[in-house]
Amino acid sequence: MESELFYSYYLRSLETLIDTPEGARVYQAVADWAHNNDYIFIGDPAGLSPVAQIRRTEQMMSSALKWGTARHLAPHAFQR
């Protein structure tokens, strides 16, 4: 089965949570879900702030090391 794209749309409450120290847990939970369900976690199509680009890159690397693969992750256009 081919992986489907998982679009992460950030709601105000989720944006607030990601901007707190708990934000890393949110990124990891979404990346874990994407890995376990054969989806691809991509960046918000509406764009990423400069801080979010760095944060997301760190979390993508962490998830790739955890799972031994990056098949469940795709960089945002700003991260390429």
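Just so you know, all these numbers are worked out from the coordinates, no wet-lab data involved. Computed from a prediction, not measured in an experiment: that's the story for all the values here. Cβ sites come from the backbone with ideal geometry, for glycine too, and all protein chains shown count toward neighbours.
In the range 27-72, which trypsin sites (Lys or Arg not before Pro) are in a loop and have at most 16 other Cβ atoms within 10 Å, using DSSP for the loop call? Taking the range 27-72 and a limit of 16 other Cβ atoms within 10 Å, the loop trypsin sites (Lys or Arg not before Pro) found are Arg71. Sequentially through the range 47-64, phi angles give Karplus couplings (6.51, -1.76, 1.60; θ = phi - 60°) of x, 10, 6, x, 5, 5, 4, 5, 4, 5, 4, 4, 5, 5, 4, 4, 5, 4 Hz, Gly and Pro residues having no value and appearing as x.
Ordered by the count of other Cβ atoms within 10 Å of each Cβ, fewest first, Thr57, Thr69 give Thr69, Thr57. Relative to the current alpha-carbon distance between Ala24 and Lys66, full extension at 0.36 nm per residue lengthens the span by 13.7 nm.
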